[in-house]
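Here's the structure, in structure tokens; my notes come after.
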Amino acid sequence: MYWWQKTVVYECYPKSFLDTRGQGTGTIEGIRQKLDYLSSLGTGAIWITPVYVSPMVDNGYDIADYCAIDPLFGTMEDMDRLISDARDRGIRIVMDLVFNHTSDQHPWFLESRKNKENPRSNWYIWRDAKEDGSAPANWRGIFGGSAWTWCEERGQYYLHTFAKEQPDLNWEEPEVRQALYQCAKFWIDKGIGGFRIDAITYIKKPAVFLDGLPDAEDGLVSIHNMTANTPGILDFLHEFRDHTVKGTDLFTVGEANGVSAEELPEWVGENGVFDMLFEFSHVNLEFKKNEIWTRPDSWTISELKEALRNSQENTRDAWYPIFFENHDKPRCVDHFFSEKADRTAAAKVIGMILYTMRGTPFLYQGQELGLNRVCWDNIEMYNDISSIGQYDLALKEGKSQAEALAAVRKFSRDNARVPMPWNREKNAGFTSSVPWLNVHENAEYLCAEQQQANPDSVLSWYRSLAELRRSHSALIDGSYEEALAEDEDILGYLRENEEERILVLANLSEKEKIYEFDEKGYMILLGSYREHTSGKLHPLEAILLCHKK
Ligand code: GLC
């Protein structure tokens, strides 16, 4: 097995992690200072979202220089020190590669936009206007508004899947691909442990850009439906792999909105393009019915079980990145459970699944504290460019301000981006200055310091889970078989190797459940309630039992 299959990856959103300079935003040095904390969670790799030079229109996902650190986060020396100090503790750093687009301030784009003759003219996706002067196709960018922006200087439109400040690179141009591979190599040479590869399903565009059937009042169609996972994309990605990580011990995990579980075998494993792939079926259950304005609970636990089953089944010969949160998603305690649910129990049941399914757990900053969403009173308090775009679109669709704000509260990426609450000091110990986003309203009792002292806290639960992963090899290399598959509320599975058989039962419902499983020979190793009665699970109870061979 590879090192990255045996460890836990912690996703760090550096802007909100720890500010060591009194500037209101987190720093790379802040991550270094918390390496012991991260170790205690079983972390063997830290995926850091972008810290490269950037105008920060999309918090760093708009990169102006792939090989330099933005002064906001510190210096390259800080980064080198982090890479080396982390390595001393057995932790590797994972960089975020944003290769679908750059910032509109990247020197490549500044040159490309000048005219049709310059050497980088073909590095981005330029098209003439339609005869009436309108955009080449009626596509809506992911953050709202047209995916095309007119450039007066060049007299053409350019395409951007995300914000207009994030022009899409033209992967058909071989020089573009080579330039990107060089950037990846720059980081490989620094001794990092892997790459998370951003928005990768959008890099290949269709040969002809056609209008699509509008899907909203604005007359536009989501670009996702027109370009995601276009045939031919895997050829690019095989080339990427061959020119960069092949033959190294780095791992890659692609962000693959638009790839279904059934397609996973083409993407991951021996003949695939990445080591792991984030596919989103289990966290996007409500979107399949397009019900985002109505109710978030428009799915059942059986559907969640089915989504998880599909991903497990389709990565039997490969490997799965287990995740329930990231910097783009609502907090899991809100997303998967009702408002009445006990937040601690909810955080623990998800934690159990995260650390014990087959695959590498990706734990997102603050998830180990069971953080829930924030509830802000007006749109001005939100920073997320996507929330602001969605808010505007909702108003255009005739929703009231209150309805639009309610949706923002539910789905805003800021829910996951509020500063880490470390202690009970000012600004939860995150910064001595004014934090860039409000700290969580419940920081005082959710903070790490408070939870550390409490053996029943979510943080202590995660530390126990990390310990279990260290001491029970079946959780790492064991096979995966579903148990209680027919049960509508309990997710159950067995992990088994030559030494032991482990049974995990997670009651995802908020009611008490009776189950039938012969527990003879099993010993309970961890349970989220003080006592466990065989055959019965409390609401949201999670237990782990072990049968030694
Ligand atoms: C990915 C990132 C997201 C970013 C977008 C554009 O989806 O996770 O945060 O805004 O790509 O780069």
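Please treat every number below as a calculation from the coordinates, not as lab data. Not measured: the values here are computed from a predicted model. Note that each Cβ is placed from the backbone with ideal geometry, even for glycine, and that neighbours are counted across all protein chains shown.
One table, with the values for the structure above:
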| item | result |
| --- | --- |
| Relative packing of peptides 274-280, 4-10 - highest average C-beta neighbours within 10 Å first | 274-280, 4-10 |
| For the chain, with +1 on Lys and Arg beta carbons and -1 on Asp and Glu, the positive-most of Tyr382, Val176, Gly44 along the dipole | Gly44 |
| Cα-centred dipole magnitude for the chain, charges only on beta-carbon of K, R (+1) and D, E (-1), debye, nearest 20 | 940 debye |
| Taking the C-alpha atoms of segment 472-548, convex hull volume expressed per residue in Å³ | 83 Å³ |
| When the convex hull of its Cα atoms is projected in every direction, mean area for segment 174-319 (nm²) | 10.8 nm² |
| Stretch gain in nm, segment Glu263-Ser433, where the contour uses 0.36 nm per residue and the Cα spacing is subtracted | 56.5 nm |
| Mean ellipticity per residue at 222 nm, deg cm²/dmol - from DSSP H runs of n ≥ 4 across the chain, formula -39500 (n - 2.57) | -7500 deg cm²/dmol |
| Full-stretch length increase - Lys114, Asn378 - with 0.36 nm per residue and alpha-carbon distance subtracted | 91.0 nm |
| Most to least packed among 394-401, 21-28 [average Cβ atoms within 10 Å] | 21-28, 394-401 |
| Distance cut-off 36 Å, percentage of C-alpha pairs in the chain lying past it | 33 percent |
| For Lys185, Lys511, order by how many other beta-carbon atoms lie within 10 Å, fewest first | Lys511, Lys185 |
| Residues Glu255, Glu531, Glu217 arranged by fewest to most Cβ contacts within 10 Å | Glu531, Glu217, Glu255 |
| The chain, relative contact order [Cα under 8 Å, separation at least 6], % | 13 percent |
| Residue order, fewest to most surrounding Cβ atoms within 10 angstrom, among Lys130, Lys340 | Lys340, Lys130 |
| Ordering of 11-19, 306-314, 500-508 by burial proxy (mean other Cβ atoms within 10 Å per residue, highest first) | 11-19, 500-508, 306-314 |
| Fraction of antiparallel bridges per DSSP, the chain only, in percent to nearest 5 | 55 percent |
| Whole-angstrom gap from segment 147-187 to segment 486-549, using each part's C-alpha centre | 50 Å |
| Top positive-direction residue, dipole computed over segment 472-548 with Cβ charges, set Leu475, Ile490, Leu544 | Leu544 |
| Dipole magnitude (debye, nearest 20) for segment 27-98, charges at Cβ of Lys, Arg, Asp, Glu | 360 debye |
